[in-house]
Amino acid sequence: MNIIETKNLVKTYSGFTAVSGINLHIPKGEVYGFLGPNGAGKSTTMKMFLGLVKPTSGSFTIDGKKYPGNRIEILKETGSFIEAPAFYGNLSGEENLEIICKILGLPKSSVSEALELTGLTQFGKRLAKKYSLGMKQRLGLASALIGKPPVLILDEPTNGLDPAGIHEIRMLIRSLPEKYGCTVLVSSHLLSEIELMAGNIGILNRGHLLFEGTLEELRQDASAKGYPADNLEEMFLAMIDEDNRKRGAVI
Amino acid sequence: MNICLEYKKVKRTGFIQLFLCGAILAAVVPVVNMVFRTEMYTSIHNTPVQILLGANWQLMAMFNVLVIVTGTCLLYHIEYDNNSIQKLKSLPITESQVFLGKAALSVIMYMSVLVIEAGAVIFCSCHWFVTGDGFWKELCQNFIYSFIMGLPCIALSLLVSEACKNMWMSFGIGVVCVFTALILPEKPFFLSLFPFAMPFKMLAGTKHVINYIYASAAWIAVTSLAELLLIKIRRSFE
């Protein structure tokens, strides 16, 4: 069963098409990797799911709820982290999460749970503006994870983290479906990263969905098309390169 | 609930202190004036409230309007700084609910400012004048009227702050509006309905009192509609 489905989703900005009629199928209770180079349209798609960007055409449903009619209901069960961490610098990490907690109507205990999940417990009382980049990233993640929502949308969640932090967050994301039954949509421009977290992937380039399926299916598809199937990174780059050439892009 | 949320958000921004300082400064005006010109004012044959407000209200209102402009700028500055507005938009709360929460907090703060100022008027009246039977009624009527006159200014200032991502932009617009209000003539009547000029109106000595109350309600309705329109327009460009 798919928890997120899109139907010919399009977003254009004055002549430039950021997302071009994509049809995504994200299965429930899985980590879905959204892959593509910078400017592929990953963030725009995720922003459309959250109602931050208005689709030009097409539609999507999240957990059976259609946008835009059920926007608030969708947001009630979607945790998100888009691009850069957003927070109130004048408040501590804990107070930032308390605000979200109040809006979502969650018990106060969910604040400490979210801080613990992201390893911020000991920095909870520190002002968010005094956090390091990695800590701000963790706070952003905590604000997405708070209340363990059924759907999580994470846009490049490991940006700015040190190698140990990246590993820790990867493990956390991978464990979420099993631990809490969440569905995670996570984006990255690195296949090597997605490979370690996601079971299903969608590859996006210049607003077009090039592939959707499991990693095994990607390997089979790639070898059938003559791409190097033994190295996923090379396969991904070859796919993007081929697509760019087809569309006449300057690389 | 939204007021509590907004109250929580303004922690450590100086928002509360700003209103308190503004209120104290405005409250000091009648006291200082009375200390230095005691004989001049005590010789006037009128009620204490009318004498005190007539002599000091323009300066007190000036402090009030400047505090409103700065406070509302601050309320939206915390949303745009560090992009917290984006997180807010991805939560199950509408932008109009956020606006309403901020408006309610500003109104409560404005009310507190007026209470402090009323306290100063009470002190001056009891200390330098003889308060008659109708003193309390007159005082309440005057400050309730001043409260109503301040509402359009709060609503419009908040709308400007929401529309401008840069705090200096909204603050600049606010300050220009305050000085425009100061130079606007009383006639024709519609010019005196400028929202930033309305807090300078006093109940005593003002003609068309009821018209100003209707105008205040009309401004609040217009600003609310403009707020909904702003959200719609901004969303269509995102």
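General observations
- The C-alpha atoms of chain B define a longest principal axis, and helix B:135-163 lies at about 30 degrees to it.
- Taken over the protein assembly as shown, the alpha-carbon convex hull comes to 172 cubic angstrom per residue.
- Per-residue mean of C-beta atoms belonging to partner chains within 10 Å, peptide A:50-62: 2
- Cα-based shape type of the range A:113-199, given that a ≥ b ≥ c are square roots of the gyration tensor eigenvalues and the cut on a/c is 1.5: oblate
- Computed over chain A, the convex hull of the alpha-carbon atoms projects to a mean area of 13.9 nm².
- Applying the Karplus relation 6.51 cos²θ - 1.76 cosθ + 1.60 with θ = phi - 60° to the range A:228-245 yields 3J(HN,Hα) values of x, 8, 7, 10, 4, 4, 5, 4, 4, 5, 5, 4, 5, 4, 4, 5, 4, 5 Hz, where x marks Gly and Pro.
- Residue among A:Gly202, A:Gly15, A:Gly140 with the largest mean-square fluctuation in a Gaussian network model of chain A, springs linking Cα atoms under 10 Å: A:Gly15
- Result for chain B in a Gaussian network model with C-alpha springs under 10 Å: among B:Asn83, B:Asn33, B:Asn64, the largest mean-square fluctuation is at B:Asn83.
- For chain A, built as a Gaussian network whose Cα springs stay under 10 Å, the top-fluctuating residue of A:Asp155, A:Asp221, A:Asp230: A:Asp230
- Rounded to the nearest 10 degrees, the inclination of helix A:133-145 to the longest alpha-carbon principal axis of chain A is 90 degrees.
- The equivalent ellipsoid that matches the C-alpha gyration tensor of the range B:2-237 spans semi-axes of 35, 19, 15 angstrom, in descending order.
- A convex hull fitted around the alpha carbon atoms of the range B:66-144 yields 98 Å³ per residue.
- Its DSSP H runs of at least 4 residues, each contributing -39,500 (n - 2.57), put the calculated 222 nm mean residue ellipticity of chain B at -26500 deg cm²/dmol, to the nearest 500.
- Chain B - percent relative contact order, Cα under 8 Å, separation 6 or more: 28 percent
- When the pairs A:Lys136/B:Lys87; A:Lys125/B:Lys9; A:Lys54/B:Lys89; A:Lys7/A:Lys66 are compared against a 21 Å limit on Cα-Cα distance, every pair falls at or below it.
- Counting, for every residue in A:84-97, the Cβ atoms of other protein chains within 10 Å of its Cβ and taking the mean gives 5.
- Normalised by the number of residues in chain A, the mean separation of alpha-carbon contacts (under 8 Å, six or more apart) gives a relative contact order of 24 percent.
- Taking the convex hull of Cα positions in the range B:113-238, its mean projected area over all directions (nm²): 9.6 nm²
- Solvent-free Debye calculation, one equal scatterer per alpha-carbon of the range A:86-149: log10 I(q)/I(0) at 0.12 Å⁻¹ equals -0.22.
- For the residues of B:80-86, the average number of beta carbons from a partner chain within 10 Å of their own beta carbon is 6.
Values in this text are rule-based calculations from the coordinates and carry no lab data. As the structure is a prediction and not an experimental result, all values here were calculated from the model. Here the Cβ is made from the backbone with ideal geometry for all residues, glycine too, and neighbour counts use every protein chain on show.
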